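The numbers here are math on the coordinates, done by the rules we state, and not lab data. Remember, it's a predicted structure, so these values are computed and weren't measured experimentally. Every residue, glycine among them, receives a Cβ derived from its backbone with ideal geometry; neighbour counts consider all protein chains shown.
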């Protein structure tokens with residue numbers, strides 16, 4: 001049994017060594033942040049009186065792809081302590097110096113909270129970005145992911161437009177609007193408007209989120225307009 005393992009290990013090591021000689025260097029980014037709320041497309045998922053903490057790491061390739069993961073700690077809207085995990089992958093294709101096309105996939109899962117299991121999901125999407133200031137994206141959730149309450153949800157689609165206007169060095173206006181539709185849940189429009197700023201590795205933001213639609217009564221407190229603040233350290 002040792003022999004095959006040694007052979008496989010030698011093959012893997014050889015491939016990594018050969019590929020490493022040709023590969024371009026990767027860029028690693030990680031961040032830690034505290035947020036006043038967890039808001040997902042206009043819906044308040046966390047206890048508004050308890051902060052949310054998050055840590056993430058991403059690796060970027062000069063070829064245009066990136067992989068990332070994040071962990072989240074929070075108290076959900078029902079008062080239960082929960083933890084979250086996010087996995088994401090993205091590939092961007094520059095069209096010129098300002099325009100970029102991208103495709104991406106994402107998986108979000110929550111644990112230790114029966115209520116949060118209904119908000120887990122898989123997602124695939126595509127988008128276009130202009131000069132890192134404007135982004136238009138379309139996303140589709142075909143079904144919820146593993147370890148989630150699949151009985152509480154169904155497929156839906158979302159169209160989002162987000163933008164940032166720099167007004168001073170390291171800061172400016174942050175705005176966005178989107179629409180969620182399909183899957184037997186109420187279709188509605190959501191958005192946010194706020195300010196962002198930063199110095200060195202620190203970034204601070206404060207904004208107002210809102211929702212609007214034909215039938216949001218079933219969401220109750222989740223659909224209320226909120227102020228959301230964040231403080232993030234990134235390297």
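Assorted remarks:
- Values of log10 I(q)/I(0), in the order q = 0.14, 0.22, 0.23 Å⁻¹, for the stretch 27-107 under a Debye, Cα-only, solvent-free model: -0.60, -1.01, -1.05
- Inter-site label distance for residue 67 and residue 55 at 7 Å from Cα along Cβ, in nm: 2.0
- Computed extension length for residue 80-residue 167: 27.3 nm, one decimal, from 0.36 nm per residue of separation with the Cα-Cα distance subtracted.
- Applying D = kT/(6 pi eta Rh) to the stretch 27-234, where Rh is the Kirkwood radius over alpha-carbon pairs, T corresponds to 37 °C and eta to 0.692 mPa s, the Stokes-Einstein value obtained is 183 µm²/s.
- Ranking of 24, 104, 80 by count of other Cβ atoms within 10 Å, fewest first: 24, 80, 104
- Placing a pseudo-label 7 Å from each Cα along the Cα-to-Cβ vector at residue 126 and residue 91 gives an inter-label distance of 1.2 nm.
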